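Colleague: First the structure, then my questions, so here it is.
The values are calculated or read from the model by the stated rules, or taken from the named source; none is laboratory data. Just so it is clear, the structure is predicted and the values come from calculations on it, not from any experiment. Note that each Cβ is placed from the backbone with ideal geometry, even for glycine, and that neighbours are counted across all protein chains shown. For the accessible areas, the whole protein counts, side chains as well, though only heavy atoms, and no ligand, DNA or RNA atoms are used. Shrake-Rupley method; radii C 1.70, N 1.55, O 1.52, S 1.80 Å.
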Amino acid sequence: MTMIMTDYKILVVDDEPDLREILQCNLESAGYRVETAASGEEAISLLTPEYSLILLDVMMGGMSGFKTAEHIRKTLNNNIPIIFLTAKDTENDLLTGFSAGGDDYISKPFSLHEVLARIKAVLRRVNAQKQPAATLSLDNLKIDFERKLVTVDGRDVRLSPKEFGIVSMLAAKPG
């Protein structure tokens, strides 16, 4: 499956206007749709389901990037991928970023090629985890993922949630 960049909207959150502009220009040149926010609070107010990923600075005035990520994960219960961009590069900072809900961590100064490569990798990983289709048919077996329903030869089969998960997983990878 080929990733079409315009299918992805990225929110760049950094309190440095020049860095926001550089990232926005380069990401748009790479084919992404981009919006920017100058603070964690602004990012939270802009967050909608149309965003595919957040590039989030750690050290900002007001709410830090770590606190912003924690709020997105715990309060908003949102699992949008988050890549931290930061000058804080100790092992403890890295571990704090991951425990706050980050999916990746890029230390400043960074190369734009690295940022683009990491964005692609995170988006590829997230897309691989998404459910492939609303229904799956395999010979006489049909699985409706939205309704959590399995039919064999046109007859409904009652399954527990765990059984449904196992059947779905096996049917998604025949053989």
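Colleague: Among the residues of region 42-69, which ones are in contact (Cβ under 8 Å) with a residue 60 or more places away in the chain and either over 19 Å from Q24 (Cβ atoms) or in a loop (DSSP other than H, G, I, E, B) (or both)? Show your work before the answer.
Modeller: Of the residues in region 42-69, the ones in contact (Cβ under 8 Å) with a residue 60 or more places away in the chain are 52-53, 55.
Scanning region 42-69 gives a single hit, S52.
Colleague: Here is a follow-up. Here are D144, D93: which of them is open to solvent by less than 90 Å² (accessible area, probe 1.4 Å), among the acidic types (D, E), over 30 Å from V13 (Cα atoms) and out of contact with any His (no Cβ under 8 Å at 6 or more places or on another chain)? Steps first, please.
Modeller: Working: D93 fails: over 30 Å from V13 (Cα atoms).
One residue alone meets the criteria, D144.
Colleague: Here is a further query. Please find, among Y51, Y105, the residue that is surrounded by 11 or more Cβ atoms within 10 Å (Cβ to Cβ), in contact with a Lys or Arg (Cβ under 6 Å, 6 or more places away or on another chain) and of a type outside the set (G, A, S). Give the steps one after another, and end with the answer.
Modeller: Working: Y105 fails: in contact with a Lys or Arg (Cβ under 6 Å, 6 or more places away or on another chain).
Only one candidate qualifies: Y51.
Colleague: Could you please let me know if I22 is at pLDDT 95 or above, open to solvent by 80 Å² or more (accessible area, probe 1.4 Å) and either farther than 17 Å from I82 by Cβ or not in a helix (DSSP H, G or I) (or both)? Let's see the steps before the verdict.
Modeller: Details: at pLDDT 95 or above: yes; open to solvent by 80 Å² or more (accessible area, probe 1.4 Å): yes; either farther than 17 Å from I82 by Cβ or not in a helix (DSSP H, G or I) (or both): yes.
It is true that I22 is at pLDDT 95 or above, open to solvent by 80 Å² or more (accessible area, probe 1.4 Å) and either farther than 17 Å from I82 by Cβ or not in a helix (DSSP H, G or I) (or both).
Colleague: What pairs come out if I take residues in region 104-131 that are among the β-branched types (V, I, T) and pair them with residues that are crowded, with 16+ Cβ neighbours inside 10 Å and in a loop (DSSP other than H, G, I, E, B) whose C-beta lies under 6 Å away, six or more apart or interchain?
Modeller: Listed by first residue and then by second, the contacts come to V122/P81; V122/D103; V126/P81.
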